[in-house]
Structures are given as structure tokens and as C-alpha cells.
Amino acid sequence: MKFLVFLEHYHGELEKGGLGVLSKAASLGEAAGVVLGPEAREVAGGAGAYGASTVYVSEDEAFASPLPQPRVDALAALVGQTSPDAVPFGASVLASDVAAGLAARVGAGLNWDLTDLVLEGDELVGKRPALGDTVLVDVGWTGAPRIALVRAGALDPVESGGSATVEDFEVGFSDFSTLATLVEQTQEESSGPSIEDADVIVAGGRGLGSPEAFSLCEQLASALGGAVGATRAVVDAGWYPYSTQVGQTGKTVSPRLYVACGISGAIQHKVGMQGSGTIVAINKDPNAPIFDFCDLGVVGDLHQVVPKLTELVRARRGDH
Ligand SMILES: Cc1cc2nc3c(=O)[nH]c(=O)nc-3n(C[C@H](O)[C@H](O)[C@H](O)COP(=O)(O)OP(=O)(O)OC[C@H]3O[C@@H](n4cnc5c(N)ncnc54)[C@H](O)[C@@H]3O)c2cc1C
């Protein structure tokens, strides 16, 4: 099976989401990548280490802004030239737009929110959580190219140590594709690792009792060198930013350590963090659902447990 994987890059590095999808594609067949925009040529070679045999690049000015339509033109051209069986994307705002545009342009089927791709015989099958993530269903395509959007964080990049041939290609743009311009782009200021990249996440829920109490999570996260996550309940209440929301309608994370403070463990939260290495839960209710799937549970008031834990971590690390 031949795959063409859309790879995004940012600040001179290929994004993890696309690389995870590339690694999976390479494990199932022959994988090529496509990198578009400034510095594409510079970063493209790195995809070889994740299984790409060829990476198609274009640094055309039309790709300078993160707008979807010129990228749809580029992918449609490559689909025409290379006839891939499948075009998978790691989900992002841009990738979702490009995947949908490509599906419409080439008349292909798009399956989205997939958490895995497998081969059953010669056929590609997508795994898609359904019914509030309580069941996993198999989805397929009736024709090629099979376009797939894989849920952010669902597939980990795996280095295989290979190298890729980097090939320039020409893109002809449709008149309407270059009409939109980017008026403004702003960036959220944050310090420390993002929750997608963090090895340790300390997440807070409604049990914190107030937005101010998030400082308890921040201090523990800082002592552990991690990032702070949140449940939808507290994000909806305006206690913490949406960018930190973990779960079905937030991010899927898989840190080595996930410390849940005052979080009940609702299924919609669980689906976003159940892939974590070790889950520690601090909750005053011994019957909280999170105790059914955590590795270590502490029954107690987080306002007492978390500061004590932070103090102990700091003491162990030698900083006070
Ligand atoms: C379609 C849909 C999508 C959703 N998507 C998401 C999502 O992406 N992410 C998400 O998180 N949720 C999501 N939800 C919401 C989800 O169902 C839960 O409502 C939410 O996760 C609960 O958040 P919580 O654990 O912070 O609050 P609660 O369920 O209210 O739990 C608070 C916990 O804190 C404990 N507690 C209280 N005081 C203390 C204390 N002093 N010390 C220790 N423990 C204490 C309580 O015992 C309780 O277990 C979604 C829901 C729907 C319907």
C-alpha cells in the first residue's frame, strides 16, 4: 500500500502529529511525505528517519501563510502524479482543512478522528472511537485515495533510522486558491512545555474549588518539570485556558506521568489521558471513577496533599 503523508513543520522542526502518522504508514507499506512552505527543503530530510522513502517539497511563496487552499492544489497535484492508495494526516486546524479540501477536490472519501490505521489483508481499516469514545469502530473507504485524519497524539513517531530522497515539485495554483490572505496571526504566550510534549502533566479539575487553586498544580508541575492540564469542567468555567483541556473535546496526551488533582475521571476525560505511563489520582472521594483506572490513588484533600507532595519533590531534587 502506497501512502502520501502530509507533514507540517514549525520553527524548523517537523510536527510530531504528522511524524506519528508517517511512522504508522511506513509500518504498513511504502510511505512518501510532502512538506510545503518556507524551510521545507531544510526539514524534509528528517522525515527519512521516520520511514519516508521520498519527501516532496515546494517552497513556493503561496505556502508562506498557513492557508489551506494552496496546499490542496499541491496535494491534488501529487495525488495525480504519484497515485497513492492513501493520504493520511495528523489532525490539526490546518490539516483538517486541507484534508477536507482534498477530499472534495479529488472526489475521495475522508474518515476523521481515527486513533489507528491497520491493514486487514490488503485493505486499510481505520479505528474510530464512537458514542462518546465508549466503543471503537472499524471504518473503511470505497475507493482511492483513502483520506484519513488521525486524532492528535494518537500515534507516536517511531525512529527507524532511514533516509529519504527529497524531491522538488511544481504546483499550479487554481485562481481561487490564492485569493485568501492571512491578515493577522497571534501566538498564545506560555512558559514551560506544552501538554502535547510534556513528559509529566499535573492536571486540575473542579475539586480545586477555585481558579486560584490552580497554582497548586502549577507549583507541582514546575517541581516535576512538567506542564499543567485541565478538565473541561474547569475550562468551561473559565478557570484555565482551553489549550490545556485534556479529553474527548480537548487534547489526547500520553506523558510518562499524569497526576490528576480533584478530577472525577469521567469517560470523556479518561479517553484523553488513558495512554499515560503512570496515572496518579488525588481525590477526596474513595468512590471516584478515576480510582478504577489509576496506577496510584491517594484519597485525601488535594489542598493538603498537593503542597506536601510539591515540598517532597523539591526536597528530593535538592531545591527549596
Ligand atoms: C460531549 C462531551 C465532551 C466532553 N469532553 C470533555 C473533555 O474533553 N475533557 C474533560 O475533562 N471532560 C469532558 N467532558 C465533561 C466530562 O463529562 C466531565 O463532566 C468532566 O470531565 C468533569 O470534570 P472534573 O473531573 O473536573 O469535575 P467533577 O466531575 O465535578 O469532579 C471533581 C472531583 O473532585 C473531587 N474533589 C472535590 N473536592 C476535592 C478536594 N478538596 N480534594 C480532592 N478531590 C476533591 C470530587 O470528589 C470529584 O471527584 C465532556 C462531556 C461531554 C458530554
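The values are calculated or read from the model by the stated rules, or taken from the named source; none is laboratory data. Model, not experiment: these values are computed from the prediction. Here Cβ is always computed from backbone atoms with ideal geometry, including for glycine, and neighbour counts include all displayed protein chains. Areas reflect the complete protein model, heavy atoms only, side chains present, ligands, DNA and RNA absent. Shrake-Rupley method; radii C 1.70, N 1.55, O 1.52, S 1.80 Å.
If you sort W141, W112 by accessible surface, 1.4 Å probe, largest first, the order is W112, W141. Over the chain, DSSP H runs of length four or greater, each weighted -39,500 (n - 2.57), average out per residue to a 222 nm ellipticity of -8000 deg cm²/dmol. Using the Cα centre of the range 178-297 as origin and beta-carbon charges of +1 (Lys, Arg) and -1 (Asp, Glu), tell me which of T244, V234, T181 is placed farthest towards the positive end of the dipole. Working it through, the farthest residue towards the positive pole turns out to be V234. Annotation: the antiparallel percentage among DSSP beta bridges lying fully within the range 200-317 is about 0.
Classify the range 270-319 as rounded, prolate or oblate, taking a ≥ b ≥ c as the square roots of the eigenvalues of its Cα gyration tensor: rounded when a/c is under 1.5, otherwise prolate if a/b is larger than b/c and oblate if not.
Because a/c hits 1.5 or more and a/b fails to exceed b/c, the range 270-319 counts as oblate.
Suppose R0 equals 56 Å; then what is the FRET efficiency for V299 and V183 from their Cβ-Cβ distance, rounded to the nearest 0.05?
Details: r = 52 Å, r/R0 = 0.93.
Rounded to the nearest 0.05, the efficiency is 0.60.
Counting charges near T244 (Lys, Arg +1; Asp, Glu -1) among other residues having Cβ under 12 Å from its Cβ returns a value of -1. Counted without the sites themselves, the longest stretch of the chain free of GluC sites (Glu not before Pro) in a DSSP loop having at most 12 other beta carbon atoms within 10 Å is 1-158.
Given Cα positions, please report Rg to Rh for the range 200-317, the hydrodynamic radius being the Kirkwood one. If you can, show how the numbers build up before the last one.
Details: Rg = 12.6 Å, Rh = 13.7 Å.
When Rh is taken as the Kirkwood radius, the ratio is 0.92.
With the cut-off at under 16 Å, measuring from each backbone N in the range 64-94 to a point 7 Å along the Cα-to-Cβ line of V137 picks out no residue. Evaluated at 4 °C with a viscosity of 1.567 mPa s, what Stokes-Einstein diffusion coefficient in µm²/s does the range 2-178 have when Rh comes from the Kirkwood expression over alpha-carbon pairs? Translational D for this selection: 82 µm²/s.
What does the charge dipole of the range 2-178 about its Cα centre add up to, to the nearest 20 debye, if the Cβ of each Lys and Arg holds +1 and the Cβ of each Asp and Glu holds -1? Intermediate values should be presented prior to the final figure.
Details: 10 positive and 25 negative charges, 85 e Å.
It works out to roughly 420 debye.
Computed from Cα atoms alone, the Kirkwood hydrodynamic radius reported for the range 1-73 is 12.1 Å. Extending 7 Å from Cα along the Cβ direction at R316 and again at S53 yields two label points whose distance is 4.8 nm.
Debye-formula intensities of the range 29-103, expressed as log10 I(q)/I(0) at q = 0.14, 0.21 Å⁻¹, are -0.42, -1.02 (one equal scatterer per alpha-carbon, no solvent). So if I take the centroid of the Cα atoms in the range 1-40 and the same for the range 242-320, what is the distance between those two points in Å? Comparing the Cα centres of the range 1-40 and the range 242-320, I get a distance of 32 Å.
Pairwise Cα distances in the range 78-210 exceed 24 Å for 51 percent of all pairs.
To the nearest 20 debye, what charge dipole does the range 141-262 have about its Cα centre, counting +1 at the Cβ of each Lys and Arg and -1 at the Cβ of each Asp and Glu?
Working: 6 positive and 15 negative charges, 150 e Å.
In total the dipole reaches around 720 debye.
Quick check: convex hull of the Cα atoms in the chain, volume per residue, rounded to a whole Å³?
On the way: hull volume 48.2 nm³, N = 320.
It comes to 151 Å³ per residue, whole-number rounded.
The GNM of the chain, with springs linking C-alpha atoms under 10 angstrom apart, assigns the highest mean-square fluctuation among D197, D301, D175 to D175. Straight Cα distances below 28 angstrom link K308 to the lysines K270, K284, with same-chain residues fewer than 8 positions distant left out.
If you average the sequence gap of Cα pairs under 8 Å that are 6 or more apart and divide by the length of the chain, what percent do you get for the contact order?
Values: 713 pairs, mean separation 47.0, N = 320.
Once normalised by length, the contact order is 15 percent.
Each Lys and Arg adds +1 at its Cβ and each Asp and Glu adds -1 at its Cβ; summed about the Cα centre, the chain shows a dipole of about 1080 debye.
For the chain, what proportion of DSSP beta bridges, expressed in % and rounded to the nearest 5, is antiparallel?
Working: 12 of 58 bridges.
Expressed as a percentage, antiparallel bridges in the chain total about 20.
Dipole of the chain computed with +1 at Lys/Arg Cβ and -1 at Asp/Glu Cβ about the Cα centre; of G265, F6, G90, farthest Cα towards the positive end is G265.
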